[in-house]
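The values are calculated or read from the model by the stated rules, or taken from the named source; none is laboratory data. All values derive from a computational prediction rather than experimental measurement. Neighbour counts run over all protein chains shown; Cβ positions are idealised from the backbone, glycine included.
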Amino acid sequence: MPMIAKRTTRDIIGDYINNEQRFDYVEKTSEHIEKEDLDLYMNTKEKLQSEIRTKMDKVDSFVLETKRKEHLIDAEVDALKDEIDRLKQRRKGIGMFKKFVNDILLPMVIKEVGNDDGVWETDTARYKLYETYGGVIVNPDEISSDFKKVEIKESIDKVKARKAAISAHRADKDMPTGISIRKIERVRRT
């Protein structure tokens with residue numbers, strides 16, 4: 001049994017346009033349109049419109065299913081974000097514990113149980129106590145301007161540019177230099 005190929009939306013719309021063009025041609029070139037021609041045109045048009053509606057219903061169902069899946073993915077992303085936040089907090093807690101061990105506990109143990117030269121050895125490691133410089137503390141109100149740096153960051157205000165472009169377009173004026181905008185079609189689903 002031969003398999004019948006499904007007609008694509010493109011094929012159906014192409015047939016619809018061809019039907020309209022044929023009828024338009026018959027209408028322009030004939031003085032009188034035969035009833036059979038008119039009936040054929042109307043039947044074909046109704047059949048193609050029905051096929052288009054069926055295809056669009058399927059597309060609409062597909063879009064709804066896509067939105068449903070999108071919401072499920074968003075929920076999964078939110079759950080994973082919560083899990084990431086929880087793991088980051090755990091990592092931060094471990095980091096704080098490591099900082100406590102390295103900054104307070106180990107120096108205290110080395111001073112109390114280590115050698116006179118600031119060395120303490122265990123079965124797995126050797127620790128040596130030494131002095132170094134820590135982070136600098138700066139009072140921004142009292143520091144000399146030699147230690148201050150000025151950063152200028154230029155950025156484009158796209159919201160302001162969009163408003164100016166829309167205003168110029170609506171007022172039928174020239175667009176501000178370096179700005180362009182175009183109208184696009186959107187569909188609102190209700």
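Here is how the numbers come out for the structure above:
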| read-out | value |
| --- | --- |
| Some residue of the stretch 18-27 being surrounded by 12 or more Cβ atoms within 10 Å (Cβ to Cβ) and either within 29 Å of the chain's Cα centre (by Cα) or in contact (Cβ under 8 Å) with a residue 24 or more places away in the chain (or both) | yes |
| Which numbered condition residue 94 fails, given (1) among the hydrophobic types (A, V, I, L, M, F, W, C); (2) closer than 18 Å to residue 128 by Cβ; (3) at pLDDT 95 or above | (2) |
| Exclusive hit being modelled with pLDDT of 90 or more and among the acidic types (Asp, Glu), set 74, 39 | 74 |
| Boolean, residue 81 is farther than 30 Å from residue 128 by Cα and either part of a helix (DSSP H, G or I) or touching a His at 6+ places or on another chain (Cβ under 7 Å) (or both) | yes |
| Filter pass, residue 58 being among the charged types (D, E, K, R), closer than 30 Å to residue 126 by Cβ and modelled with pLDDT under 90 | no |
| The stretch 45-74 residues that are over 16 Å from residue 6 (Cα atoms), paired with ones that are assigned to a helix (DSSP H, G or I) (beta carbon under 7 Å, 6 or more apart) | 45/19 |
| Qualifying residue in the stretch 65-72 (condition: in a helix (DSSP H, G or I) and under 30 Å from residue 15 (Cβ atoms)) | yes |
| Test: residue in the stretch 77-94 that is within 30 Å of residue 177 (Cα to Cα) and free of Cβ contacts under 8 Å to residues at least 40 places away in the same chain | no |
| Test: residue in the stretch 151-172 that is modelled with pLDDT under 90, of a type outside the set (D, E, K, R) and more than 30 Å from residue 109 (Cβ to Cβ) | no |
